[in-house]
1. Quick check on my link table: of LYS143/LYS307; LYS307/LYS330; LYS66/LYS333, which ones sit more than 30 Å apart, alpha carbon to alpha carbon?
2. For segment 171-183, in order, what is each residue's ³J(HN,Hα) by Karplus, 6.51 cos²θ - 1.76 cosθ + 1.60 with θ = phi - 60°, in whole Hz (x at glycine and Pro)?
3. For the chain, calculate the relative contact order in percent as a whole number, restricting contacts to Cα pairs under 8 Å that are 6 or more residues apart.
4. If the convex hull of the alpha-carbon atoms of the chain is projected onto planes in all directions, what is the mean projected area in square nanometres?
5. If every alpha-carbon in segment 8-194 counts as one equal scatterer, what log10 I(q)/I(0) does Debye give at q = 0.09, 0.11 1/Å?
6. Which residues does the label zone of ARG237 cover in segment 308-332, counting backbone N under 11 Å from a point 7 Å along Cα→Cβ?
7. If you line up the long axis of helix 8-18 against the longest principal axis of the chain, both from Cα atoms, how many degrees apart are they, to the nearest 10?
8. How much FRET efficiency would the formula 1/(1 + (r/R0)^6) give for ASN44 and ASP104, where r is the Cβ-Cβ distance and R0 is 35 Å, rounded to 0.05?
Amino acid sequence: MNAIGTTLRRFLLEQHAANPLQKGLASAIDDMAQASRKIAYLVNRGSLGGLHGAVGQENIQGEEQKKLDAAANDVLIDAATWSDNWVGLASEEEDHAVSIRCTDASARWLSVFDPLDGSSTIDANGCVGTIFSILRCPESVSKPGNDDFCQSGTEQVAAGFMLYGPATVMVLTTGHGVDAFTLDNASGEYLLSHPDIQIPENASEFTINMSNRRYWSPVIQAYIDDCMHGRDGNRGRDMGMRYVGSMVADVYRIMLNGGIFLYPWDSRVPERPGKLRLLYEANPMAFILEQAGGRASTGNQRILEVKPTSLHQRCPVIVGSKNEVEHVEKRCKAAARAS
Ligand code: P6P
């Protein structure tokens, strides 16, 4: 295991020695890290940077686009465009995939990202983050389109997120466990601070937007009611409840403390499987959490095995401590059999 304080660059090179990363992957990950330093600066400037408030238009998600959403998106597109590692990118803030001119014919990486997750909380100084996933571009493709990004989560070669909080933390997996790095503002280096993260198998806390209770399926209503009843109910033990409303903040807390995060299907838009996006929210988080010993489910199947059919596809998300997610899955599958 690498020593606390190891720089991200050295970590990636040493991991390259121990677990041969595909050529150029370490450099591609460093591109994401470099971009996040600039985003962290813009976020940290707060309203002084003139980037609070809304752009005045909606993105393809139908959500109000914040100025910092657009700024973070521009930083990430610029970082990918002026690096010889990437063949294309897809973003929550872009309607379609973006093909990138690349002079290095051996570069094969696709970047998929949510540039600023949780941005609805940014004007109130909330914790926000960047979520990214790295895929391999299909061999025969030089100008990737939307369909080339529609790969199951099991195809990810790396995934990570940066949490812009009191400290800026980068959580990363390349399929060999999960490690977190804290940004040292003095040196600008990401330094290893949480090697080999293992999420506790049992949950002591649940995370969900309770105001949506009336819209959930009966099985989720019953499960959350059991959590609320604590030691006086079916579970026989009390559970805490936290909800930030920023997936990166909620998931990072759960990774360290144990817990379960749910954003299930709800009846507000019945034809919509969930609110969160598969390719750049659910899949990277699922890859990270499984690598940390957790579990990531739609309630009926492993998130990583969902076959994407569109770039901004959504899915139900039930992720976190292995035993708790398995408990919810069992209840969901029993309800499906009984229906
Ligand atoms: P709600 C942020 O907009 C986000 O995509 C996730 O970061 C977060 O978990 C979720 O939506 C919050 O949604 O409906 O509770 O505000």
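1. LYS66/LYS333
2. 9, 9, 9, 10, x, 10, x, 10, 9, 10, 10, 9, 6
3. RCO, the chain: 16 percent.
4. Values: hull surface 69.1 nm².
Mean orientational projected area (the chain, Cα hull): 17.3 nm².
5. -0.31, -0.47
6. From segment 308-332, the list is 323-324.
7. The two axes meet at around 90 degrees.
8. For ASN44 and ASP104, the calculated efficiency is 0.55.
The values are calculated or read from the model by the stated rules, or taken from the named source; none is laboratory data. This one's a predicted model, so the numbers in the text were calculated from it and none came from an experiment. As a convention, Cβ positions derive from the backbone with ideal geometry for all residues, glycine included, and neighbour counts pool all protein chains shown. Accessible surface is based on the protein model in full, side chains and every heavy atom, while ligands, DNA and RNA are left aside. Shrake-Rupley method; radii C 1.70, N 1.55, O 1.52, S 1.80 Å.
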